[in-house]
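The values are calculated or read from the model by the stated rules, or taken from the named source; none is laboratory data. In this text, all values refer to a predicted model and were calculated from it rather than measured experimentally. Note: ideal-geometry Cβ built from the backbone for every residue, glycine included; neighbour counts use all protein chains shown.
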Amino acid sequence: MNIIAVDIGNTNITIALYLKGEEKFIKSITGKSRAKLIALFKSAWQKIPVVRGSKEKKRDGVIIVSSVKAVWTKKIRQIAKETLGEKVYVIGRDIPLPMTLRVDEPDEVGTDRVICAAAAYAVVGDAVVVADFGTAVTIDLVDEKGIFLGGVICPGFEIGAGALKENTAQLPEVKVTRPKAPYGKTTAEAINCGLYYSAVGTLQEVIRRYAEIIGRWPHTVVTGSAAKVIKSDCDFIDSYVPNLVVKGIVLAYQKYIEEK
């Protein structure tokens, strides 16, 4: 099974190539750069083998997308059609979600949240919390039967830092890193501590409340670009899995093919 898995986020687009189920590369670039996207798609597609006996030299692969940004989904569709002559399959539209959702508005839940949860549950096989630290932070709960129960959504580091800068007269914008001490001796350090420990504290408190509902502390998986910043101060985290979304994309497609 040869797949180009595309995770379209709010800030970046991550493209992963899987040949016969084996991960070959994962690269993340800004969704604003059409030229870089075209080059990356061409490079990935050329690595996929041609169907044996195909006179048209058709390649034996598919392009599967999970997206939270419709305008970039349209861009990827155009790139795939114009440069590769291929169709893009979108999870939640062309490919069903890989797990049941027990929420009030299932159509409003981002597909990235669901496929991350499904990928984590596929490995853990029990109740699991999945926290994705990106532009926004999502902390979702899956029960022991593999049902997505919902979660919380918080501002990510960049949003928090930007909001402080935009809504105050003197506060600078900072890039969040792990603090050297729990308090800052400069304004920038104080902001950094505030944003950093707010994220750590929120994650722990949300998981604690989930644990009260299910009766035990659930296995916790973190992912996303900012997760590696805080994970060393979160001894309650069980697993750190970079690029969990693309792994969920592959899982969703595999499940779709098996059921089909």
Tell me the residue from SER28, SER54 that is outside the structural domain of ASP132 (by TED's automatic domain parsing), surrounded by 12 or more Cβ atoms within 10 Å (Cβ to Cβ) and either more than 18 Å from the chain's Cα centre (by Cα) or part of a strand (DSSP E or B) (or both), please.
SER28
Is it true that THR83 is modelled with pLDDT under 95 and either surrounded by 19 or more Cβ atoms within 10 Å (Cβ to Cβ) or polar (S, T, N, Q) (or both)?
yes
Checked against (1) touching a Pro at 6+ places or on another chain (Cβ under 9 Å); (2) buried (at least 22 other Cβ atoms within 10 Å of the Cβ), SER66 satisfies every condition except (1)
Go through the residues of the range 118-133 one by one and say whether even a single one is under 19 Å from the mean Cα position of the chain (by Cα), closer than 18 Å to VAL152 by Cα and of a type in the set (Asp, Glu).
yes
Is it the case that LEU17 is out of contact with any Cys (no Cβ under 7 Å at 6 or more places or on another chain), crowded, with 16+ Cβ neighbours inside 10 Å and part of a strand (DSSP E or B)?
yes
Here is a list of conditions, (1) under 20 Å from the mean Cα position of the chain (by Cα); (2) modelled with pLDDT of 95 or more, and PRO242 meets all of them except one; can you say which number that is?
(2)
Name every residue in the range 188-212 that is among the β-branched types (Val, Ile, Thr) and either outside the structural domain of GLY150 (by TED's automatic domain parsing) or in contact (Cβ under 8 Å) with a residue 40 or more places away in the chain (or both), in order of residue number.
THR202, VAL206, ILE207
Could you say whether any residue in the range 59-70 is modelled with pLDDT under 95 and among the polar types (S, T, N, Q)?
no
Could you figure out which of (1) surrounded by 16 or more Cβ atoms within 10 Å (Cβ to Cβ); (2) under 30 Å from VAL137 (Cα atoms) isn't true of GLY61?
(2)
Elements of type helices (runs of 4 or more DSSP H) in the range 152-260, at least 3 residues being buried (at least 16 other Cβ atoms within 10 Å of the Cβ) and touching a Leu at 6+ places or on another chain (Cβ under 9 Å)
157-166, 187-214
All-but-one check, ALA119 against (1) of a type in the set (A, V, I, L, M); (2) more than 23 Å from ILE8 (Cβ to Cβ); (3) touching a Lys or Arg at 6+ places or on another chain (Cβ under 8 Å), failing number (2)
